[in-house]
Amino acid sequence: LVHGNVGTVLHRADIAMYQAKTQGRGRFSFFSNEMNVVAQERLALEAALREALLHNQLMLHYQPQIDMKTEKIYGVEALARWYHPTFGEISPARFIPLAEECGLIGELGHWAVREACKQLGDWRKRGLNVPMVSVNLSPTNFHNLHLPQMIMNALEENSLSPKDLTLEITENVLLDTNPSTMKTLLEIHENGSRLSMDDFGSGYSSLNYLRKLPVSELKLDKSFVDDIEYDEASKALSYAALCIGESLQLTVIAEGIEKDGQYSILQKQGYHAAQGYLFSKPLPPASLEAWLVDQKHKESTIQ
Ligand code: C2E
Ligand code: MG
Ligand code: MG
């Protein structure tokens, strides 16, 4: 530090403070070189994400969902993908929280809704049967009172109706105290789009919210599906989740299905829809089209 200048000292103090804050209030932290590297990386990634949003470099991949009664397509979930020319493939588990932290999540949410509607509109125009698309939104997206209108615009611009779009939310929207959230959710529901509770059963909130929130669908958390074949408790809880959904007239969908054994248990329990690698990984649009055609072909050879 004898050779360091004041600017460097302040900058490093800032990094240490950021670190202390992210670990919780009322803490202290000393600067280390590793910390500097992490902070630099984060800064570079943040700049790259800004750039990617600006130049439309993010992509949506689509994962099919299957109706368990008819075994036909129920819908597709749009999942954000980011391939950076130097950083490579960056997981949404990394860039979604980053977008939250640096104030880009609003923009990312808008982009995902517009892009998914554009894609569905395009599929419909070309005669491909995709019944609906579902888009993930973050709790912060619902702070924006303009969100419902923005969604309606995206639908109209692509000649779609509100029921063609489902919005996936998590229980975290309820931990959020922003007064706009409830209003925005209700308006989206009243406009006719569906809300789906993603990762159902994995959070800490009470079931009370199901009385207040206008959700149309529950999406069982993957963790229950993972162990369903061997763990009686997982199996019992997945059935309990189905009963909660059915008693409230909600559709119930299971995600993360990888094995036939898991699928048949869920089907016996009465699950309405299924999603997972067993059917397909999330695919870029062109590959999803090929998957759909292949599916049609299989259906016609069975009949
Ligand atoms: P999610 O919405 O619960 O999405 C399901 C995740 O499970 C996806 O991971 C999907 O690729 C993965 N998955 C699906 N089937 C299987 C399976 O059979 N086995 C396994 N092991 N995994 C499976 P992904 O795409 O990495 O997304 C992770 C999370 O990132 C999502 O969880 C969602 O919360 C978030 N996310 C993705 N795209 C967006 C977006 O556009 N906006 C927001 N706000 N969040 C997004
Ligand atoms: Mg989801
Ligand atoms: Mg999920």
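The values are calculated or read from the model by the stated rules, or taken from the named source; none is laboratory data. These numbers were taken from a predicted model, which means no experiment stands behind them. When we count neighbours, we look across all protein chains shown, and the Cβ atoms used for this are built from the backbone with ideal geometry, even at glycine. These accessible areas exclude ligands, DNA and RNA; they are computed on the full protein's heavy atoms, side chains included. Shrake-Rupley method; radii C 1.70, N 1.55, O 1.52, S 1.80 Å.
The table for this structure:
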| read-out | value |
| --- | --- |
| Some residue of region 110-120 being over 28 Å from Ala44 (Cβ atoms), more than 16 Å from ligand 3 (Cβ to nearest atom) and surrounded by fewer than 20 Cβ atoms within 10 Å (Cβ to Cβ) | yes |
| Selection within region 76-87 - at pLDDT 95 or above and either under 13 Å from the mean Cα position of the chain (by Cα) or surrounded by fewer than 15 Cβ atoms within 10 Å (Cβ to Cβ) (or both) | Val76, Glu77, Ala78, Leu79, Ala80, Arg81, Tyr83 |
| Selected residue (only one of Glu258, Glu232 is modelled with pLDDT of 95 or more, away from ligand 3 (no atom under 16 Å from the Cβ) and acidic (Asp, Glu)) | Glu232 |
| Residues of region 192-215 classified as in contact (Cβ under 8 Å) with a residue 12 or more places away in the chain and either aromatic (Phe, Trp, Tyr) or away from ligand 3 (no atom under 16 Å from the Cβ) (or both), total | 10 |
| Residue that is farthest from Gln63 (Cα to Cα) [pool: residues in region 251-264 that are more than 16 Å from ligand 2 (Cβ to nearest atom) and open to solvent by 30 Å² or more (accessible area, probe 1.4 Å)] | Ser264 |
| Residue that is polar (S, T, N, Q), more than 16 Å from ligand 2 (Cβ to nearest atom) and at pLDDT below 95, where the choices are Ser206, Ser202 | Ser206 |
| The listed residue being assigned to a loop (DSSP other than H, G, I, E, B) and away from ligand 3 (no atom under 16 Å from the Cβ), out of Phe28, Phe95 | Phe28 |
| Filter result (among the acidic types (Asp, Glu), under 22 Å from Phe87 (Cβ atoms) and more than 29 Å from the chain's Cα centre (by Cα)) within region 1-42 | Glu34 |
| Restricting region 192-242 to residues that are aliphatic (A, V, I, L, M) and in a helix (DSSP H, G or I), the residue that is nearest to ligand 1 (Cβ to nearest atom) | Val225 |
| Selected residue (criterion: farthest from ligand 3 (Cβ to nearest atom)) from residues of region 145-191 that are in a loop (DSSP other than H, G, I, E, B) and modelled with pLDDT of 95 or more | Ser159 |
| Leu237, sole failed condition from (1) open to solvent by less than 60 Å² (accessible area, probe 1.4 Å); (2) over 18 Å from Glu77 (Cβ atoms); (3) within 16 Å of ligand 3 (Cβ to nearest atom) | (1) |
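Here is a yes/no grid of residues against (1) surrounded by 15 or more Cβ atoms within 10 Å (Cβ to Cβ); (2) in contact (Cβ under 8 Å) with a residue 24 or more places away in the chain; (3) touching a His at 6+ places or on another chain (Cβ under 9 Å):
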residue	(1), (2), (3)
Leu147	yes, yes, yes
Met152	yes, yes, no
Glu157	no, yes, no
Leu165	yes, yes, no
Glu168	yes, yes, no
Leu186	yes, yes, no
